[in-house]
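Chemist: Below is the structure I would like to discuss, written out as structure tokens.
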């Protein structure tokens, strides 16, 4: 109820700014600032034409593939680095550096290696979240209560069982938080990748809006991207995170 | 079972030089014996326990279990820590089963044994609870059940009741006596609580501090189960206290400065004191 009210107020403010800025004060030309109504109409017409559904499906498919790849790679890399006897902290810093590099910077490589196609967009998406997930795994493993490992060792637990039954479950709350963060990094990377080098998808439709001078379409796409991002974050990862944290007896954050 | 602690020494290298935590510790523990080690905090008694457990390595001497030199942790030496160290993602019964799982006990059998030991610590009805749903005392009892299922040669307990409130501690001390009499386990129990040590032990080992070594061994020849506050117990507590007081003072002096003394300031100055004006 509160949420709905919040959005009604937000749209009202938007409309007000539009009326004032475009109609009364002439800050913007009407092609530079859309009204809520025109954005809504664009959304409806794109939805009816089927191009919106197609774009969402294409983007989500890429997202799922790219993200799953990055989850596998990120967890593997994280486990490897946390196992290192030497150069572990150097690797950690190196990954931190790579993580701070916006993934779109990898696009030139991606285009050279894969060409302007599906693979290069996937590459950018994957690399966008791999390092974030690795870092979460590394810190998750590092922050395991040493008592858990001591207790396991005194019970004769070692090798794979120590990892499978003690260390990974113990790191899971941090891991889930990392996976959630990785998702939003991947989502950003995908949109950037699509805008730069793709032929369909949500990012492409946003760029089409720019190319046709249709600011309503740009804003409509922005809204769709936000809604999907928020929905997955809240409904999927948020729930998973809460469930894990509660089960592990940790405080909510 | 025999546990031989031979000339064990432990030196920690720190930035400000090295610290001798243990020096020439010698101790023989017989089968089925209940040993309590008391000493001031930082006297190295927990270090000794960790060395027996295999979690730390002595820089000098060795520990032999049935003639075998101890080099690594293993299920023949079950450990109970000050914190329960239960895995929060497992139910109580799964926690108890976990050690047996590592030992390769088939699921059916380990479940039965887990339930048997949960019954022994009177927590059968909480078998399906998660650790965060249990109280501190209950968690420690689950940890005890888990340690007992390992069927180890010796049970090492590192101040297992220190973090509990005193009522819970009393109950667990009584229960541990019963369990020890039932299972005939060899127990190596570290504590800083003299009364606890006297209540539980066959022999109390008084540790001296800086460096830690065995100062005195006191045999406690009292019938079991021993009750808190009995006169015999108090007598032993007094005599152990006397040996310990020197050591505690030594540590206190080190921490609070040389002019610190037990004798001074036994009456605390209270600014609110009205010297009996209420009469």
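Chemist: Using only the Cα atoms of segment A:38-178, build the gyration tensor, take square roots of its eigenvalues as a ≥ b ≥ c, and label the shape rounded, prolate or oblate: rounded if a/c is under 1.5, else prolate if a/b is larger than b/c, else oblate.
Modeler: Prolate is the answer for segment A:38-178, as a/c is 1.5 or above and a/b outweighs b/c.
Chemist: On C-alpha positions alone, give me the angle between the axis of helix B:166-183 and the longest principal axis of chain B, in degrees, nearest 10.
Modeler: That helix lies at roughly 50 degrees to the long axis.
Chemist: Over the whole of B:95-103, what's the average partner chain Cβ count within 10 Å per residue? Rounded to a whole number, please.
Modeler: Per residue, the average neighbour count from other chains is 4.
Chemist: Calculate the mean, over all residues of peptide A:154-164, of how many other protein chain Cβ atoms lie within 10 angstrom of the residue's Cβ.
Modeler: Mean shielding count: 6.
Chemist: A further question on this structure: Using the scaling law 2.2 N^0.38 Å as the reference, what is the normalised Cα Rg of chain B?
Modeler: Normalised Rg, Cα atoms only: 1.11.
Chemist: Which of rounded, prolate, oblate describes the protein assembly as shown, given a ≥ b ≥ c as roots of the alpha-carbon gyration tensor eigenvalues and a/c under 1.5 marking rounded, otherwise prolate only if a/b is larger than b/c?
Modeler: Here the protein assembly as shown falls in the prolate category.
Chemist: Using a simple spin-label model with points 7 Å from Cα along the Cα→Cβ vector, what separation in nm is obtained for residue A:41 and residue B:171?
Modeler: For the pair residue A:41/residue B:171, the computed spacing is 7.4 nm.
Chemist: Also, I was wondering about something else. Nearest 10 degrees is fine. How inclined is helix B:231-256 to the longest principal axis of chain B, computing both from alpha carbons?
Modeler: For B:231-256 against chain B, the angle is about 70 degrees.
Chemist: Tell me, A:72, A:24 in order of fewest to most beta-carbon neighbours within 10 Å?
Modeler: Ascending number of Cβ neighbours within 10 Å: A:24, A:72.
Chemist: Kindly identify segment B:33-169 as rounded, prolate or oblate by the Cα gyration tensor criterion: order the square roots of the eigenvalues as a ≥ b ≥ c, call it rounded if a/c is under 1.5, otherwise compare a/b with b/c, prolate if a/b is larger, else oblate.
Modeler: Judged from the Cα gyration tensor, segment B:33-169 comes out oblate (a/c at least 1.5, b/c at or above a/b).
Chemist: Follow-up. Any idea what % of Cα-Cα pairs in chain A are farther than 35 Å?
Modeler: Result for the distance tail: 31 percent.
Chemist: For segment B:85-151, with equal point scatterers placed on the C-alpha atoms only and solvent neglected, what are the log10 I(q)/I(0) values from the Debye formula at q = 0.13, 0.14, 0.17, 0.27 1/Å, to two decimals?
Modeler: Scattering profile of segment B:85-151, log10 relative to I(0): -0.27, -0.31, -0.47, -1.20.
Chemist: Hey, another quick one. Which FRET efficiency, nearest 0.05, do residue B:68 and residue A:117 yield, Cβ-Cβ r, R0 60 Å?
Modeler: 0.40
Chemist: Testing the spin-label approximation: label points 7 Å from Cα along Cα→Cβ at residue A:147 and residue A:240. State their distance in nm.
Modeler: With each label point 7 Å from Cα toward Cβ, the separation is 2.9 nm.
Chemist: As I understand it, the value is the acute angle between the Cα axis of helix A:88-100 and the longest principal axis of the Cα atoms of chain A; what does it come to in degrees, rounded to 10?
Modeler: Here the helix axis deviates by roughly 10 degrees.
Chemist: Let me ask something else about it. Report Rg (one decimal) and Dmax (nearest whole number) for segment A:138-187, counting Cα atoms only, units Å.
Modeler: 12.9, 44
Chemist: As an exercise, use a Förster radius of 60 Å and the Cβ-Cβ distance of residue B:128 and residue A:211 to find the FRET efficiency, rounded to the nearest 0.05.
Modeler: 0.45
Chemist: If you don't mind, another one. For B:156, B:172, what ranking results if the residue with the fewest other Cβ atoms within 10 Å of its Cβ goes first?
Modeler: Listing B:156, B:172 from fewest to most nearby Cβ atoms yields B:172, B:156.
Chemist: Still on this structure: Would you compute, from DSSP H runs of 4+ residues alone, the mean residue ellipticity of chain B at 222 nm, taking -39500 (n - 2.57) per run and dividing by the full residue count, rounded to the nearest 500?
Modeler: Theoretical 222 nm ellipticity from helices: -11500 deg cm²/dmol.
Chemist: Sticking with this structure for a sec: Over segment A:93-162, what lengths in whole Å, largest first, do the semi-axes of the equivalent ellipsoid take, defined as the square roots of 5 times the eigenvalues of the alpha-carbon gyration tensor?
Modeler: 38, 14, 7
Chemist: For peptide B:71-77, how many partner chain Cβ atoms fall within 10 Å of a residue's Cβ, on average?
Modeler: 4
Chemist: Right, here's the next one. Hey, with R₀ at 30 Å, roughly what FRET efficiency would residue A:231 and residue A:12 work out to, going by the Cβ-Cβ distance, to 0.05?
Modeler: After rounding to 0.05, the efficiency reads 0.80.
Every number in this text was worked out from the coordinates using simple rules, so none of it is lab data. The model shown is predicted, which means the values in this text are computed figures rather than measured ones. Please note: Cβ atoms are built from the backbone with ideal geometry, for glycine as well, and neighbour counts cover all protein chains shown.
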